[in-house]
């Protein structure tokens, strides 16, 4: 039995990507079978202000969001072309008043639905309504294991307490729970306690996800970058826990690529097994793709079908396969293993998305950027730039 | 409360797929899949056959009897394979079992 979806996000922790199941011997454009899972970013609105938010700096305002009917049409189309799972995400998906209706529609058209939430807006009644509508799985993000650190990172008072409550309701409703813990220099010391918290909450899965540095996180890199010692300790803790908790808590571990020698196979390769739909309806190869300027992303509001956009649009084909590569990727023996890393990171750090991701030791910029990160990790800068629609707000000197 | 953890699959177990794990035929790709939280598993033919028997009523022993008769194969070998496969699935959290109510 093979796991054909694991690692379809940026995790790179995939045991296997199952492309054998998806690829066929047809034309180049048709080679890339429709992804098994799609991320639906229903809104960019969110009560939290996490400084590493994966949303773009330029957030979609509420007025641009797809309507209920538009999302329903998207869900029907996704199911029709062979998508099996839908991840309702954001921003904060529960900020959409029509979430129950959308989950019900996903169920009606045969999609397996996951809710990726901060949970602070949930009530027990609403969660129960979502379960009745056929919701299959809940993933709740945690910023720490106690309110002092967690509420400060989230930029919201009492957030942690509400999350704990919502996690308990999730299990009372017999929904499987994933705890997602985004880790960085200012909360890595809590990792052992976070693992125990996940066990105590009766979670099925724990994602230990080190921050990936694009968008908001890149702006906050000096405040978030862990030290090498922290990363070594993290790996040790995760490995020990994974063995100890086998059969009780599955742990997915996302390593911080700045401290790797080889880049991650981001999204399983550009346009190979994943796309997401932004609040305004853009079909994107990854949730950060809009940070790459010069690419024109097609919308579900256009005259094209989603399948056409996936197979034929310029943005998806631009970095597919290996034809676009420059040296050192072009002649690299690993070019079809990691596809040169992450295009968004390459763009953010080198100005050209077709360059090798500097996370790769073969990138001419690797050494410089790694040294800079190392200096930042040892630095004194702990103030966050909080994520919001105003382009960010700097944390006050004394916190909050 | 929730699905049991740390299940040890034996001949007497009566496993079933929990509510959030779905065995489904994928019409687009013409393969059987198991849908689970953020996972899509591709069970092979034998696994599909076994999973279709996991209804929470049949024991693993019953399944082995049934499969041994159907394929005219040695029951012990089948039982070993079925237990190994189900244990793997249980370790991943995709299998639960009915237990006698204790309260």
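The values are calculated or read from the model by the stated rules, or taken from the named source; none is laboratory data. Nothing here was measured: the structure is a model prediction, and the numbers come from that model. With ideal geometry, Cβ positions are generated from the backbone for all residues, glycine too; neighbour counts draw on all protein chains shown.
The residue that is modelled with the highest pLDDT, among those in the stretch A:250-269 that are within 14 Å of chain B (Cβ to nearest Cβ) and farther than 27 Å from residue A:376 by Cα, is A:251. When the stretch A:153-175 is limited to residues that are in a loop (DSSP other than H, G, I, E, B) and touching a strand residue (DSSP E or B) at 6+ places or on another chain (Cβ under 6 Å), the one that is farthest from the other protein chains (Cβ to nearest Cβ) turns out to be A:155.
Okay, residues lined up against (1) out of contact with any strand residue (DSSP E or B) (no Cβ under 8 Å at 6 or more places or on another chain); (2) on the phi > 0 side of the Ramachandran plot:
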residue	(1), (2)
A:260	yes, no
A:269	yes, yes
A:273	yes, no
A:278	no, no
A:293	yes, no
A:300	no, no
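Within the stretch B:14-70, the set of residues being within 12 Å of the chain's Cα centre (by Cα), in a helix (DSSP H, G or I) and within 14 Å of chain A (Cβ to nearest Cβ) comprises B:46, B:47, B:48, B:49, B:50, B:51. Scanning the stretch A:176-194 for residues that are within 12 Å of residue A:234 (Cα to Cα), in contact (Cβ under 8 Å) with a residue 60 or more places away in the chain and in contact with a strand residue (DSSP E or B) (Cβ under 9 Å, 6 or more places away or on another chain) yields a single hit, A:184. Scanning the stretch A:176-208 for residues that are within 14 Å of another protein chain (Cβ to nearest Cβ), surrounded by fewer than 22 Cβ atoms within 10 Å (Cβ to Cβ) and part of a loop (DSSP other than H, G, I, E, B) yields A:201, A:202. From the list A:354, A:390, A:400, the one residue that fits, being surrounded by fewer than 17 Cβ atoms within 10 Å (Cβ to Cβ) and at pLDDT 95 or above, is A:354. Being surrounded by 22 or more Cβ atoms within 10 Å (Cβ to Cβ), touching a helix residue (DSSP H, G or I) at 6+ places or on another chain (Cβ under 8 Å) and either modelled with pLDDT under 95 or under 25 Å from residue A:206 (Cα atoms) (or both) is a property that does not hold for residue A:279. Within the stretch B:2-13, how many residues turn out to be at the interface with chain A (Cβ under 8 Å from one of its Cβ atoms) and over 14 Å from the mean Cα position of the chain (by Cα)? The number of residues fulfilling the criteria is 4. Inside the stretch A:57-73, residues that are surrounded by fewer than 23 Cβ atoms within 10 Å (Cβ to Cβ) and in contact with a strand residue (DSSP E or B) (Cβ under 9 Å, 6 or more places away or on another chain) make up a count of 1.
Every test in (1) crowded, with 17+ Cβ neighbours inside 10 Å; (2) modelled with pLDDT of 95 or more; (3) farther than 30 Å from residue A:64 by Cα is passed by residue A:298 save one, and that test is (3). Each residue in the stretch A:305-322 was checked for being within 21 Å of residue A:37 (Cβ to Cβ) and assigned to a loop (DSSP other than H, G, I, E, B), and 4 of them qualify. Selection over the stretch A:77-87 of residues that are in contact with a helix residue (DSSP H, G or I) (Cβ under 7 Å, 6 or more places away or on another chain) and buried (at least 19 other Cβ atoms within 10 Å of the Cβ) gives a count of 2.
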